[in-house]
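Engineer: First the structure, which I've put down as structure tokens, then a few questions once you've had a look.
Here, each number is a calculation from the coordinates, and none is a lab measurement. Everything numeric in this text was worked out from a predicted model, so none of it was measured. Note that each Cβ is placed from the backbone with ideal geometry, even for glycine, and that neighbours are counted across all protein chains shown.
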Amino acid sequence: MSRTERLFDLLQILRRHRIPVTGGALASELGVSLRTLYRDIATLQAQGAEIIGEPGLGYVLKPGFMLPPLMFSEDEIEALVLGSRWVSDRGDQRLAAAAANALAKIGAVLPRDLREQVDGTGLMLAGGDIVRDRIDLGEMRQAIRRERKARITYLSLEGVETERTVWPFAIGFFEKVRVLTAWCEMREDFRNFRTDRIVTATYMPERYPQRRQALLKEWAARMALRGQPDAARS
């Protein structure tokens with residue numbers, strides 16, 4: 001175990017305890033000597049961790065502290081890198097840029113040994129063509145966050161265009177396509193729209209009458225009863 005991992009584990013152990021825990025108990029759980037334990041506590045305190053206590057009495061960490069360079073374990077870093085790469089490759093343009101920026105910020109605060117994990121991880125994504133969208137999916141995601149209605153022109157699999165007023169509340173990111181899930185006023189039911197078949201989208205200032213979480217919960221309950229939704233159904 002690297003020293004960085006050990007310091008991270010020490011923080012996690014202290015977070016589990018609401019009352020002071022002895023140095024001996026901490027050293028035993030970490031598998032280190034008391035001398036090493038005291039040195040690690042001093043290091044965390046120097047970094048700004050509010051660890052209160054002293055040898056013989058025990059230690060407690062005041063809540064709310066998060067030390068940026070030690071936020072992630074090696075497994076968590078690999079998960080973040082893989083997820084960020086997937087979003088960069090499969091997300092819309094704005095999400096791809098956000099994923100790259102987030103990964104750069106994470107790498108900037110990590111110590112050298114963990115930063116090398118970001119740059120040199122052996123986890124890779126399989127390639128594949130992605131069907132590109134005609135609309136700015138970032139604007140659709142904003143409408144979802146703000147619970148706004150959208151007026152869309154949708155092209156069916158048969159090549160027929162229809163005008164719909166929808167209440168967008170979720171987007172599914174699949175391997176090659178993305179699917180908007182929304183309440184369709186014309187159908188008076190939930191519908192799924194492949195985003196690459198949305199020709200135009202206009203966003204209305206008015207909010208739809210139900211909360212997004214309520215729509216998502218109702219949709220999920222229906223899907224559980226009848227199986228997975230058909231991405232092409234509209």
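Engineer: Under a point spin-label approximation (7 Å from Cα along Cα-to-Cβ), what is the Ala220-Arg35 distance to one decimal in nm?
Structural biologist: Using points 7 Å along Cα→Cβ, the separation is 5.3 nm.
Engineer: Taking the alpha-carbon distance from Lys105 and a cut-off under 19 Å, which aspartates and glutamates remain once sequence neighbours fewer than 8 residues away in the same chain are dropped?
Structural biologist: Glu74, Asp75, Glu76, Glu78, Asp89, Asp113, Glu116, Asp119
Engineer: Per-residue counts of other Cβ atoms within 10 Å, averaged by peptide: what ranking do you get for 22-32, 46-56, highest first?
Structural biologist: On the way: 22-32: 15.8, 46-56: 12.6.
The packing order, highest mean first, is 22-32, 46-56.
Engineer: Also, quick follow-up: Determine the shape class of the range 147-195: with a ≥ b ≥ c the square roots of the Cα gyration tensor eigenvalues, call it rounded for a/c under 1.5, and otherwise prolate if a/b is greater than b/c, oblate otherwise. Mind dumping the intermediate values first?
Structural biologist: Details: a/c = 1.94, a/b = 1.09, b/c = 1.78.
Oblate shape, in that a/c is at least 1.5 and b/c is the bigger or equal ratio.
Engineer: Using a 10 angstrom cutoff on alpha carbons, build the Gaussian network for the chain and name the most mobile of Ala143, Ala42, Ala102.
Structural biologist: Among Ala143, Ala42, Ala102, the largest mean-square fluctuation in the Gaussian network model of the chain belongs to Ala42.
Engineer: Could you order peptides 205-214, 179-188 by the average number of other Cβ atoms within 10 Å of their residues, highest first?
Structural biologist: Details: 205-214: 12.1, 179-188: 18.7.
Ranking the peptides 205-214, 179-188 by packing returns 179-188, 205-214.
Engineer: Rg and Dmax of the chain, using alpha carbons, in Å: what are they?
Structural biologist: For the chain, the Cα radius of gyration and maximum Cα-Cα distance read 24.6, 78 Å.
Engineer: Taking 22 Å as R0, compute the FRET efficiency from the Cβ-Cβ separation of Thr162 and Val131 and round it to 0.05.
Structural biologist: Details: r = 20 Å, r/R0 = 0.90.
So, using R0 = 22 Å, E works out to roughly 0.65.
Engineer: Now for a separate question. Given only helices, namely DSSP H runs of n ≥ 4 each adding -39500 (n - 2.57), what is the per-residue ellipticity at 222 nm of the chain, to the nearest 500 deg cm²/dmol?
Structural biologist: Details: 8 runs with 103 residues, N = 234.
Calculated at 222 nm, the ellipticity per residue is -14000 deg cm²/dmol.
Engineer: Pull out a ≥ b ≥ c, the square roots of the eigenvalues of the alpha-carbon gyration tensor of the range 134-234, then state rounded if a/c is under 1.5, prolate if not and a/b is larger than b/c, and oblate in the remaining case.
Structural biologist: Numbers: a/c = 1.40, a/b = 1.04, b/c = 1.34.
Rounded, since a/c falls under 1.5.
Engineer: Can I ask one more? Is the range 19-63 best put as rounded, prolate or oblate by its Cα gyration tensor, with a ≥ b ≥ c the root eigenvalues, rounded for a/c under 1.5, and otherwise prolate when a/b is larger than b/c, oblate when not? Let's see the in-between values first.
Structural biologist: Numbers: a/c = 1.86, a/b = 1.24, b/c = 1.49.
Oblate, because a/c is 1.5 or more while a/b does not exceed b/c.
Engineer: OK, next. Give the calculated FRET efficiency between Ala104 and Asp75 to the nearest 0.05, with a Förster radius of 22 Å applied to their Cβ-Cβ distance. Write down the numbers at each step before the final one.
Structural biologist: Numbers: r = 21 Å, r/R0 = 0.93.
About 0.60, to the nearest 0.05.
Engineer: Any idea which of Gly107, Leu34, Val199 is furthest toward the positive side of the dipole for the chain, if Lys and Arg beta-carbons carry +1 and Asp and Glu beta-carbons -1?
Structural biologist: Projecting each Cα onto the dipole axis, the largest value belongs to Val199.
Engineer: Computed FRET efficiency, Cβ-Cβ of Thr43 and Gln93, R0 41 Å: what is it to the nearest 0.05? The partial results should precede the final answer.
Structural biologist: Values: r = 42 Å, r/R0 = 1.02.
Taking R0 as 41 Å, the efficiency between Thr43 and Gln93 is 0.45.
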